[in-house]
Amino acid sequence: MSSFHYQSEDLYAEGVPLAEIARKYGTPTYVYSRADIETAYLDFDQAFEDYEHLVCYSVKANSNIAVLNILANLGAGFDIVSGGELQRVLKAGGEPSKIVFSGVGKTEEELKFALEVGIGCFNIESPAELELLQSIAQELGVTAPASVRVNPDVDAGTHPYIATGLKENKFGVSRDTAIAMYLKAKKMKHVNMVGIDCHIGSQITEVKPIIEAVSEITDLVDKLASYGIMLEHIDLGGGLGICYNDEKPIPLVDYSKAIIKAMGKHQHRLLFEPGRYIVGNAGILLTKVQFLKKNHENSFAIVDAAMNDLIRPALYGSWQRIIEVKKSKKTRTLSIVGPICETADFFAYGREIAAKPGDLVAIESAGAYGFVMSSNYNSRNRAAEIMVSGNKSYCVRKRETIEQQLLLESVLPAHEEA
Ligand code: LLP
């Protein structure tokens, strides 16, 4: 049950009317529900309660430190992809030993920082990264816990931009390369291979590719065991899909049952890196209608949010539900667009909605890959982020100002006369 619900005509986040949030903090504004984040995390965690596991929330989905702190307080681990995300997790009270570090292009500085902090596992994505990790760990006089990210070559059946497990993708390495890397690491004094990792894509709504990946990975685990390489954990990445429109996401119980069944005799601790599942439906983007306008056959509602705030429709053609903050029967067919000078600056085409200038609407399922993908395009200030908890709302990120945008820029010195 979502915490975004109507009480008579008015849309609420938990116990707070969204109209009140708009009055207090302005628009466009992201609004998250603490209860929804906690419920999604606990449901995921409990789905595997009979099996040794760790849920490492994928920070990239929503990296606001209030979100991370809520999850850290529940005992979550974290999946990071940059030094910046590591700083955020530490600031939010995350435990270093529960952090896994993914990504194809980790820099020397990032590897060093993560080694100094003592993270739980480096998910290595290439032979070159293995060499670099060994040499930095040697310099620091420490041993790096690591796993190899394997590309199981399965089709996740999702949007091509977010499918990551095909052999032609840049992620992970092939089975043969992985075996060679484990054998090489066996001789390295400063890398300790503790696991194996894969992530085949995002917004997955079918069990089949996940099971194929598990069977590919467990098969490889057996092969490695035959070389005397014994691993402690299997990291299955993230990817569990959510409902935006009429998708039928995999029920958690089916997901966990299918994975545990596919593990067969293998007893390895399981790691997961869900992002979207934890926060996707726990957030909305609150925006105000600026103008209505008709061009040819198309009626537009121009809102004060834009593709710089939420880029998913423009980038992936993704469908997001848009609902009125004050319900009304006077609906019409409208395309909801932003003010940016790009035709791709749209949120939806041809929706039945009641919206007149000054009305508020909520773009649903915006908690994941929303604010984190926002930019300053058109010199727009990035939106505020509000966390609702019960009857209270908290500003967890202030709206950006133009002064803050300009802070890092400067003009050239005055031209000197020759
Ligand atoms: N682990 C790794 C290594 C990943 O690359 C990702 C997502 C995740 C975990 C979390 O996946 P999730 O559980 O959220 O599906 N911006 C796109 C999604 C990009 C996903 C990138 N990797 C979107 O808005 O749909």
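Only the coordinates and a few stated rules stand behind these numbers; no lab work does. It should be emphasised that the depicted structure is a prediction, and the values quoted were computed from it without experimental measurement. Cβ: placed from backbone, ideal geometry, glycine included. Neighbour counts: every protein chain shown.
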The helix 207-226 Cα axis meets the longest alpha-carbon principal axis of the chain at an angle in degrees, between 0 and 90 and rounded to 10, of 20
One quarter of the C-alpha convex hull surface, i.e. the mean projected area of the stretch 34-278 in nm², amounts to 12.2
Based on DSSP H runs of at least 4 residues, each adding -39500 (n - 2.57), what is the mean residue ellipticity at 222 nm of the chain after dividing by all its residues, to the nearest 500 deg cm²/dmol?
-8500 deg cm²/dmol
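What does the charge count near K248 come to, summing +1 for each Lys or Arg and -1 for each Asp or Glu among other residues with Cβ under 12 Å from its Cβ?
On the way: positive: none; negative: E206, D246, E247, D254.
That works out to -4.
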Give me the compactness ratio for the stretch 184-314, meaning the Cα radius of gyration over 2.2 N^0.38 Å.
1.55
Approximate spin-label separation L140-T343, in nm, with each point projected 7 Å along Cα-to-Cβ
5.0
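Assuming 0.36 nm per residue, please report the length gained on full extension of the stretch S97 to Q290 beyond their Cα-Cα distance. If you can, show how the numbers build up before the last one.
Numbers: separation 193, 0.36 × 193 = 69.48 nm, distance 4.80 nm.
Value of the extension gain: 64.7 nm.
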Mind telling me which of N308, N73, N62 comes out most flexible in a GNM of the chain, alpha-carbon contacts under 10 Å?
N73
What is the distance in Å between the Cα centroid of the stretch 221-237 and that of the stretch 1-79?
34
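Please report the projected area of the stretch 316-418's Cα convex hull averaged over all directions, in nm². Mind dumping the intermediate values first?
Values: hull surface 42.8 nm².
So the Cα hull casts an average projection of 10.7 nm².
Can you figure out the FRET efficiency of C395 with S226, using R₀ = 60 Å and their beta-carbon distance, to the nearest 0.05?
On the way: r = 56 Å, r/R0 = 0.93.
Efficiency computed from Cβ-Cβ geometry: 0.60.
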N192-Y161 pseudo-label distance in nm [points 7 Å out on the Cα-to-Cβ vector]
4.1
How about K288: which lysines have a C-alpha closer than 23 Å to its C-alpha, ignoring those fewer than 8 places off in the same chain?
K24, K326, K327, K329, K330, K356, K392, K398
Name the most mobile residue of E324, E14, E297, meaning the one with the largest mean-square fluctuation, in a Gaussian network model of the chain with Cα contacts below 10 Å.
E297
Straight-line reach from K248: which lysines have Cα under 26 Å away, leaving out those fewer than 8 places along the same chain?
K60, K208, K257, K261
So what's the projected area for the chain, the Cα convex hull averaged over all directions, in nm²?
25.3
Between D309, D254, D50, where does the largest GNM mean-square fluctuation fall for the chain, given springs only between Cα atoms within less than 10 Å?
D50
Quick one: what are the phi-derived ³J(HN,Hα) couplings along the stretch 318-328, Karplus 6.51/-1.76/1.60 with θ = phi - 60°, whole Hz, x for glycine and proline?
6, 9, 10, 5, 10, 10, 6, 7, 10, 4, 8
For R351, residues with placed amide H under 5 Å, excluding near neighbours
L334, S335, I336
For the stretch 274-284, 3J(HN,Hα) per residue [Karplus equation, 6.51 cos²θ - 1.76 cosθ + 1.60, θ = phi - 60°, Hz, x = Gly/Pro]:
x, x, 3, 4, 6, 10, x, 8, 9, x, 10
